[in-house]
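Asker: I have a structure I would like to understand better, so I am pasting it below and will then ask my questions one at a time.
Taken together, the values in this text are just the output of simple stated rules run on the coordinates, not laboratory data. The structure displayed is predicted, hence computed values, not measured ones. Please note: Cβ atoms are built from the backbone with ideal geometry, for glycine as well, and neighbour counts cover all protein chains shown.
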Amino acid sequence: MHIHNKILKKLLKEPLVHFLLIGIGLFILFSQLNDDKETKETQQIIINKSEIEVLTSTFMEENAIHPTDKEIKALLEKAIREEVLSREAITLGLDKDDRIIRHRLAQKMQYLFEDVEMVDEPSDEVLKAYFQKNKSSFSNDGDTAYNKVKQQVKSEWLAKEQEKENKLFFEDLKSHYEIILDASVRKALNMSVTK
């Protein structure tokens, strides 16, 4: 017994033993902390009735017939697979620095703010003033009556106003970012500062 105590005391004084004990302790602590999060935190993918309706209507648009129950299940499995894979891809950072994904996301944002009508319905006075200012673009002879082209005037006015609003909306979004061009890009484009 006495010899075992001497060996134990000698081992406890060794730095290598201290290092190993600390390493084992950290390993156990780290595995306990991470194990709980990974095994207990599962993400939810919620499929509701509207998702099924979207899948069904898309199928009907593409095939001109209502899908069978078997086809709906296959569509649902495909949608779940796509969602799982896309979430995992994002978790792995596969969406970063991908030009195609960046382009598609920018395109979706463009559609989003172009689709939202930010312009109120114009009054008749506004349309008449716009018509007078741009009369030549509505007729060849310059003698077209406002009432004959009122709908065309309204459509054009709304489109131009929406375009202005979209531009303002984008400029507001852009103002949240600092755009930096490195020296070689500025030199190639013959620019000093970006706006």
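Asker: Please label the shape of region 121-189 as rounded, prolate or oblate, based on the square roots a ≥ b ≥ c of the eigenvalues of the alpha-carbon gyration tensor (a/c under 1.5 means rounded; beyond that, a/b larger than b/c means prolate, else oblate).
Answerer: prolate
Asker: As a footprinting exposure proxy, order TYR146, TYR111 by other Cβ within 10 Å, with the fewest listed first.
Answerer: Sorted ascending by nearby Cβ count, the order is TYR111, TYR146.
Asker: Under the Karplus relation 6.51 cos²θ - 1.76 cosθ + 1.60, θ = phi - 60°, what is the ordered set of whole-Hz ³J(HN,Hα) values for region 120-137, x standing for Gly and Pro?
Answerer: 6, 4, x, 6, 5, 5, 5, 5, 4, 5, 5, 4, 4, 5, 10, 4, 5, 7
Asker: Using the basic label-point model (7 angstrom from Cα toward the beta carbon), what is the LYS13 to ALA106 distance in nanometres?
Answerer: 7.0
Asker: Using packing as a proxy for protection, rank 23-31, 69-77 so that the peptide with the highest average count of other Cβ atoms within 10 Å comes first.
Answerer: In descending order of packing, they fall as 69-77, 23-31.
Asker: While we're on this one: Roughly how many whole Å is it from the C-alpha centroid of region 163-178 to that of region 79-126?
Answerer: Result: 16 Å between the Cα centres.
Asker: What full-extension length gain, to one decimal in nm, is calculated for ILE179 and LEU26 as 0.36 nm per residue of separation minus the Cα-Cα distance?
Answerer: Gain on stretching ILE179 to LEU26: 50.7 nm.
Asker: Let me ask another. Of LYS70/LYS96; LYS128/LYS164; LYS108/LYS133; LYS49/LYS160, which ones are farther than 28 Å apart at the Cα?
Answerer: Violating the 28 Å limit, Cα to Cα: LYS70/LYS96; LYS108/LYS133; LYS49/LYS160.
Asker: Let's see if you can work this out: charge +1 on each Lys and Arg Cβ, -1 on each Asp and Glu Cβ, no other charges. What is the dipole magnitude of the chain about its Cα centre, in debye to the nearest 20?
Answerer: 1260
Asker: Still on this model: How much length is gained on full extension from PHE113 to ASP97, taking 0.36 nm per residue of separation minus their Cα-Cα distance?
Answerer: 3.4 nm
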